[in-house]
Structures are given as structure tokens and as C-alpha cells.
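Before any comments, here is the structure.
We did not get these values from a lab; they are worked out from the coordinates using the rules stated. Here the structure is a predicted model, which is why all the values come from computation and not from measurement. Cβ placement follows ideal geometry from the backbone for every residue including glycine, while neighbour counts extend to all protein chains displayed.
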Amino acid sequence: MSDSFVVELAGTPGSPGRASGPARVVHGPDDFTRVRPGDVLVCRFTEPSWTALFGLVAAVVTETGGVLSHAAIVAREQGIPAVLAVPGATTTLRDGETVTVDGGAGRVTG
């Protein structure tokens with residue numbers, strides 16, 4: 001049996017565009033050093049101290065927030081896709097697995 005998975009999650013479109021990369025599940029500042037260029041940041045929420053990560057990542061997926069949340073605003077400023085309010089994103093998406101974020105449609109697939 002294969003160890004691969006297929007998942008499709010829906011959330012609120014936060015910043016348009018489409019990008020793929022390894023999911024990097026981040027629970028807090030202690031995980032920041034694990035984030036690499038091209039990763040997809042997957043987290044519960046972001047706040048101003050997380051802003052530097054937006055210069056590295058290909059896309060953002062959060063479990064909370066809306067179009068006026070910190071994640072959405074900074075993602076739009078950086079021109080990277082974001083999908084927000086995705087229930088269970090940090091537990092459903094596996095760290096390191098390739099995911100695709102469609103920020104216009106509000107979809108995350110992996």
C-alpha cells in the first residue's frame with residue numbers, strides 16, 4: 001500500500017494566485033527555522049512577528065482568519081496565494097508533502 005495521500009480542503013480566498021510546494025506546518029516562532037524558500041506555510045494564524053516568513057514561502061494556508069486578517073493582507077502585499085479559515089489544515093496537511101494552493105478559488109490540494 002502506498003503512503004501517499006490525496007486531500008482537498010476548502011477555505012476563504014485570501015490572496016489570488018496558484019502555487020505548489022512542500023507543506024511546512026508551523027506552530028509558532030520555534031518552528032521558523034524549519035521554513036525554506038518555496039515552502040507552503042501552514043499554520044493556525046499569523047501575526048506581525050511572522051511577516052519575515054512571507055518573503056520565503058510560495059503560499060500561505062491558515063486555519064483562522066478572513067480577507068482582512070494579517071495573513072491575507074501580507075500575502076497580497078507579497079503577491080503570494082493565500083487560503084484562510086481552512087478547518088484542520090495543520091493536522092490534515094502533512095509536513096513536507098507537496099500541496100497546491102489556489103488562492104483565488106480558496107482550495108488546497110495535496
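Kindly indicate whether any position in the range 73-82 is part of a loop (DSSP other than H, G, I, E, B), closer than 11 Å to V108 by Cβ and either in contact (Cβ under 8 Å) with a residue 40 or more places away in the chain or among the small types (G, A, S) (or both).
Within the range 73-82, one or more residues are part of a loop (DSSP other than H, G, I, E, B), closer than 11 Å to V108 by Cβ and either in contact (Cβ under 8 Å) with a residue 40 or more places away in the chain or among the small types (G, A, S) (or both).
Suppose we filter E8, E47 for residues that are closer than 12 Å to V101 by Cα, touching a residue at least 12 places away in the same chain (Cβ under 8 Å) and surrounded by fewer than 17 Cβ atoms within 10 Å (Cβ to Cβ); which single one remains?
E8
Between T46, T100, which is in contact with a Ser or Thr (Cβ under 9 Å, 6 or more places away or on another chain) and assigned to a loop (DSSP other than H, G, I, E, B)?
Selected residue: T46, the only one of T46, T100 that is in contact with a Ser or Thr (Cβ under 9 Å, 6 or more places away or on another chain) and assigned to a loop (DSSP other than H, G, I, E, B).
Just for the range 11-35: of the residues that are of a type in the set (D, E, K, R) and over 13 Å from the mean Cα position of the chain (by Cα), which one is farthest from Q78 (Cα to Cα)?
Checked the range 11-35; the qualifying residue farthest from Q78 (Cα to Cα) is D30.
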